[in-house]
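The values are calculated or read from the model by the stated rules, or taken from the named source; none is laboratory data. All values reported here derive from a predicted model rather than from experimental measurement. Cβ placement follows ideal geometry from the backbone for every residue including glycine, while neighbour counts extend to all protein chains displayed. With ligands, DNA and RNA removed, areas are computed over all heavy atoms of the protein, side chains included. Shrake-Rupley method; radii C 1.70, N 1.55, O 1.52, S 1.80 Å.
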Amino acid sequence: MKRFIKTDGLHRKLEGWPLVFTILVTISILVGGVVEFVPLVLVKSNVPRIATVKPFTPLEVAGRDLYIREGCNNCHSQMVRPFRHELERYGEYGKPGETVYEHPFLWGSKRTGPDLSRVGGKYPNLWHVRHMQDPRSTSPRSIMPPYAWLLEKELDFDILPTKLRRLRAVGVPYSDEEIARAVADAQAQARAIAADVEANKGPSGLENKEIVALVAFLQRLGMDLKASTQAQALH
Amino acid sequence: METKATPSAATRPAPSAVDVFTYDEKIVRMFVLATAIWGFVGMLVGVLIALQLPFWPANLGEYLTFGRLRPLHTNAVIFAFAGNSIFAAIYYSTQRLCKTRMFSDAMSRIHFWGWQAIIVAAAITLPMGFTTSKEYAELEWPVDVAIAVVWVIFAVNFFMTLKQRREKHMYVAIWFYIATIITVAVLHIGNSLAIPVSLFKSYPIYAGVQDAMVQWWYGHNAVAFFLTTPFLGLMYYFLPKAAERPVFSYRLSIVHFWSLVFIYIWAGPHHLNYTALPEWATTLGMTFSVMLWMPSWGGMINGLFTLRGAWHKLRDSVVLKMFVIGITFYGMSTFEGPMLSVKSVNALSHYTDWTIGHVHAGALGWNGFMTFGMIYWLLPRLWRTKLWSQRLATTHFWIGTIGMLLYVMAMYSSGVTQGLMWRAFDEAGRLLYPDFMETVVQIVPMYWVRLIGGTLYLTGVILMGINMYQTIKSAPKELPDPSFAVPKVATA
């Protein structure tokens, strides 16, 4: 070591060889990443699969992309930690197998608002519509901005088959059939949500608006894990 | 260590035994101006989003909500403000440390204008909602491709400059620049691999746990290799210049350089403590984060001890004042970082404003003040005139320091408060604050304090802008590149 770092030692020589120096730096910075990432991909037990976790429906994919567009992840996490206070507040903690179809992951890093990974089924569809239109109508002292334009902007249904195809290319198992009927499926799910909102005396005519996609996505969050627990209870 | 300037050398015919060369100073002036302009813009957006938190009506419609502007703020201060600052430092110091002009003026210009175009693209696409959602890597794939191309041009220009150097040994600043250029390229490409859906939408090839791992390998090392190593290089060049003292320890610089670049890359998973990332990975990340404390403090010690016997100079030198605050905050945030990565501390701090306080101690304290110090040192030299007002610069120093302290303390207090409220149970074992809203309302006053702190810090930057404008106005019309002559030596 001493021979290496003394004023006219080996390191001094190294300082005269930029190429060797650069190669050594490159090796140094690659080691850590390789050791941490490669086992994560190769050792399957790192991410145990959950049978009830299924890919998002086309409408939910659209909703997820709206969640990303609006930057919801800047204020809301989707990852409950295994602490008693978090289980009581939100529900079951996040499992590795829950997000295997999530490109990108949306765990977040900040909770300016509450965690959303267990929000599915917690509130009626109409609650979410009202909340996006005017957050303070459902949560009086909220600091969240309104997202009223989601109730006015038309949802792009036509891009959904492309989105599903691209997701399949990165590993989400959509069948040809699911891709072929992506638009019809999304429209049907959108109509059902819009009808429910209207039936509960909410605004009408939302079936082709962006809001229904976001609501569909939010209502899905945490449901697959719940389905797993219910399936086990039945046995 | 620099050759004495002989400005007349360029005009008279050089004897064959003398090598005459010039430094490209115009490119440094361009990067310095861009640093100040984007610093102002990035921090202005920061002040706006700081207002949006306690006062939601400041969310000005679809394109200017917190969710869309927060990535714009982080990208602007990291890649535009700090980015242009490190490029200014690299272009100024590398030429002098290698005793050669940059390899290609054209490549330097492509680097400059390409980088500014990328920043403008970010400022347009992020408010429009084109985002990948991955922190500090939000820009969509066409911009990512542009970043890769410009970075490679910068790298070629830099390494070819090293190749044609007239100085045999590379000074420690250059080591840090090498680590920066290589690692940022690896991280950017590794984390941005995605499949395009449309012109401004893509899906990353990784999913869930793996995507999280790659993202924070990138995210943490953006801090390491964009906000730490190049600034250490900056420190190693400009601090001894300003203090007129040699670096404290050559051996320490070797030990802390290699341990820093090796250990930093492992630290990413501490951003994912207690998440669905396997525990072995988060424990590994935490362990290396704690180990990182020592190499980080190696840099701080080498910086502060360089001032031994020169502390009295702080009284008159605003540059040294800024550097000392910068290095001190580097030391504080690199102690705080390892501490926050420890799982039991992270259990409290994660998801709260404590993290925001921590990054701003680093960004405002270390990156901000090192940049300001460098700019005040460079201004009279690059524009060959006197700094317009020392007093205004000193005012900037104090207003910036006070603003930063207010900001950081507000965030610590809000983070710890909310973290404790989330986990509080009553005597019967029920959540004491079951309504999340209670924990939000509690910290809103701290958001106002943060806004005041941020506004003060921005005011300091505006004062620097005025000082820059007035100084540059008094500069001579012609600013020819400085010319140097050294005895001719056989090229290595």
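With q set to 0.16, 0.17, 0.21, 0.22 Å⁻¹, the log10 of I(q)/I(0) for region A:76-212, from the Debye formula over equal scatterers at the Cα positions, is -1.10, -1.20, -1.32, -1.31.
Taking A:Lys13, A:Lys95, A:Lys163 as the candidate residues, the one with maximal mean-square fluctuation in a Gaussian network model of chain A, Cα springs under 10 Å, is A:Lys13. As a ratio to 2.2 N^0.38 Å, the alpha-carbon radius of gyration computed for region A:138-221 takes the value 1.26. Considering all different alpha carbon pairs of region B:98-232, the Kirkwood hydrodynamic radius works out to 16.2 Å. Centre-to-centre separation between the Cα atoms of region B:127-145 and those of region B:260-321: 28 Å. Taking only the Cα atoms of region B:96-144, the ratio Rg/Rh comes out at 1.20, with Rh defined as the Kirkwood radius. Long hydrophobic helices in chain A: the complete DSSP H runs spanning 15 Å or more by Cα along their own axis with mean Kyte-Doolittle hydropathy of at least 0.5 are A:18-42, A:210-220. Between A:Val172, A:Ala231, A:Gln187, whose Cα lies farthest towards the positive end of the dipole of region A:58-234 when Lys and Arg beta carbons carry +1 and Asp and Glu beta carbons carry -1, centred on the Cα centre? Projecting each Cα onto the dipole axis, the largest value belongs to A:Ala231.
Taking a quarter of the surface of the Cα convex hull of region A:2-46, what do you get in nm²?
Taking the Cα atoms of region A:2-46, their convex hull projects to 4.3 nm² on average.
log10 I(q)/I(0), Debye, Cα-only region A:1-135, no solvent, q = 0.12, 0.13, 0.14, 0.21 Å⁻¹? Each listed q corresponds, in turn, to -0.69, -0.75, -0.81, -1.44. Here region B:25-475 is treated with +1 on each Lys and Arg Cβ and -1 on each Asp and Glu Cβ, and its dipole about the Cα centre works out to around 2220 debye.
Ordered from highest to lowest accessible area with the whole protein assembly present and a 1.4 Å probe, B:Arg391, B:Arg245 read as B:Arg391, B:Arg245.
From the C-alpha coordinates alone, can you work out the Kirkwood hydrodynamic radius of region B:399-449, in Å? By the Kirkwood definition, the hydrodynamic radius is 12.0 Å. Straight-distance candidates among the aspartates and glutamates for linking to B:Lys313, with alpha-carbon spacing under 16 Å and chain neighbours fewer than 8 residues away dropped: B:Glu244. Counting every C-alpha pair in chain B, the share spaced more than 31 angstrom apart comes to 45%.
In terms of overall dimensions, the C-alpha atoms belonging to region B:23-73 reach 50, 17, 13 Å along their principal axes, ordered largest to smallest.
Projecting the Cα atoms of B:Phe21, B:Leu379, B:His169 onto the dipole axis of chain B, where Lys and Arg carry +1 and Asp and Glu carry -1 at the beta carbon, places B:Phe21 farthest toward the positive end.
Placing +1 on the Cβ of every Lys and Arg and -1 on the Cβ of every Asp and Glu, with no other charges, gives the protein assembly as shown a dipole of roughly 2760 debye about its Cα centre. By a 1.4 Å probe calculation restricted to protein chains, B:Asp481 has an accessible surface near 50 Å², given to the nearest 10. Restricting the calculation to Cα atoms, the protein assembly as shown yields a radius of gyration followed by a Dmax of 27.0, 95 Å. Radius of gyration over Kirkwood radius for chain A, both on Cα atoms: the Rg/Rh ratio is 1.14. Entry note, chain A: relative contact order of 25 percent, from Cα contacts under 8 Å with a spacing of 6+ residues.
Considering Cα pairs under 8 angstrom that are at least six residues apart, work out the relative contact order of region B:25-475 and quote it in whole percent. Contact order relative to length: 15 percent.
Computed about its Cα centre, the charge dipole of region A:2-46 is approximately 240 debye, with only Lys, Arg, Asp and Glu carrying charge at their Cβ. Here the accessible area is traced with a 1.4 Å probe on the protein chains. For region B:53-94, carbon and sulfur cover 76 percent of it. Per residue, the accessible area of chain B comes to 36 Å² when a 1.4 Å probe rolls over the protein heavy atoms.
Equivalent ellipsoid of region B:373-492: semi-axes from √(5λ) of the C-alpha gyration tensor, largest first, are 52, 20, 9 Å.
Of B:Lys201, B:Lys163, A:Lys6, the residue with the largest accessible area leads and the full order is B:Lys163, A:Lys6, B:Lys201 (1.4 Å probe).
Ordered by 1.4 Å accessible area with all protein chains kept, B:Phe79, B:Phe425, B:Phe257 run largest first as B:Phe425, B:Phe79, B:Phe257. Here B:Phe484 sits with roughly 20 square angstrom of accessible surface, probe radius 1.4 Å. For region A:1-68 versus region A:164-235, the inter-centroid distance based on Cα atoms is 35 Å.
Pairs exceeding a 27 Å alpha-carbon distance, out of A:Lys13/B:Lys163; A:Lys122/B:Lys343; A:Lys163/B:Lys134; B:Lys321/B:Lys477; A:Lys110/B:Lys201; A:Lys122/A:Lys201: A:Lys122/B:Lys343; B:Lys321/B:Lys477. Counting only heavy atoms of the protein chains and using a 1.4 Å probe, B:Thr394 has close to 40 Å² of accessible surface.
Extension gain, B:Met128-B:Thr283: 0.36 nm per intervening residue step, less the Cα-Cα distance, totals 51.9 nm. Where the centre of each part is set by its Cα atoms, how far does region B:186-242 sit from region B:389-407, in angstrom? Result: 31 Å between the Cα centres.
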